[in-house]
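This report refers to the structure that appears directly beneath it.
The values are calculated or read from the model by the stated rules, or taken from the named source; none is laboratory data. The model shown is predicted, which means the values in this text are computed figures rather than measured ones. Heads up, the Cβs are rebuilt from the backbone with ideal geometry, glycines too, and the neighbour counts pull from every protein chain shown. Heads up: the accessible areas ignore ligands, DNA and RNA and are worked out on the full protein's heavy atoms, side chains in. Shrake-Rupley method; radii C 1.70, N 1.55, O 1.52, S 1.80 Å.
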Amino acid sequence: MGTLCDALQIRGGGVVSLAGAGGKTTLMFQLARELASDGHSVLTTTTTKIFKPAPDQSPMVVLAENLPILLEKFGASVPGGLHVTAVCGELAAQGKLIGYPPQLIDTVQKTGLFRWILVEADGARGRPLKVPAAHEPVVPASSGWVIAMVGLDVIGKPLDDQHVFRSQDYSRITGLAAGTPVTAESVVRAVLSPGGILKGFPPEAKRILFLNKAESRGRRAAGREIARSLLERSSGGIDRIIVGSLSPGFFLLLSCDLQSKR
């Protein structure tokens, strides 16, 4: 059903940041694997914290507290086809890695050390849906693409802390009452809200909404409904909408190009 790069329309190299909920880590490592297999050097990292990747997610994990140490480990260039996860520290008891401030990622991008830098820019504590806090997401200014994710498995589930990270904030910006089923319409409102799912993205970055986990008929219908409504109501805040699934592998149900509305 095509590749992730084709669906996301990313090409040429640069920084790709991921925010939201419902598959960021999976997308980051699947995209890294695809780019590396195409012969590109790829850095995966975070501006927050991530779980330490398994070997099948990332073949190399490097601890480098700062840019000089990172440059010392790789010299002037990184060979094509190499995928590296680099972080500044480790929380061994939690099995997590500590990422870099966004300014450092901007500096790494300027060095040209890696063709691609993929950044997980916030956390969702395993929930399929979230709205960001005031300090989120932590997106590097150099990001050429920002991908906001939503897990379609949340549709029909109660609006509570078990299913939605920061459920009270979600209720506030969408008008959906706590405890009632999450609807496709409420996701549309969360996307369109100034404080919602697309909050804090660099103005020049391409903005992509990825509606993930479209494995069932009901989820696919919800994904189509969200995409159709955003096509009608978005006033330019989104460049592309993707409905699909990352498990198993990548399956693309539909993609919509909204670039003409920006």
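List of remarks:
- Tabulated pairs, region 73-102, first touching a residue at least 24 places away in the same chain (Cβ under 8 Å), second buried (at least 20 other Cβ atoms within 10 Å of the Cβ) and part of a helix (DSSP H, G or I), C-beta under 7 angstrom, 6+ apart or interchain: G81/A36; L82/A36; H83/A32; H83/A36; A86/L70
- Some residue of region 137-149 being open to solvent by 40 Å² or more (accessible area, probe 1.4 Å), of a type outside the set (F, W, Y) and out of contact with any Asp or Glu (no Cβ under 8 Å at 6 or more places or on another chain): no
- The residues of region 104-126 that are open to solvent by less than 60 Å² (accessible area, probe 1.4 Å), touching a Gly at 6+ places or on another chain (Cβ under 8 Å) and among the charged types (D, E, K, R), listed by number, are E120, D122.
- The set of residues in region 136-154 that are more than 15 Å from I208 (Cα to Cα) and in a loop (DSSP other than H, G, I, E, B) comprises E136, V138, P140, A141, S142.
- Residue check for D160: among the acidic types (D, E) and under 21 Å from A222 (Cα atoms): yes
- Within region 150-176, residues that are more than 21 Å from T25 (Cβ to Cβ) and without any contact (Cβ under 8 Å) to a residue 40 or more places away in the chain sit with their Cβ atoms under 8 Å from residues that are of a type in the set (F, W, Y) and not in a loop (DSSP other than H, G, I, E, B), at 6+ positions apart or across chains, in these pairs: L159/Y170; L176/Y170.
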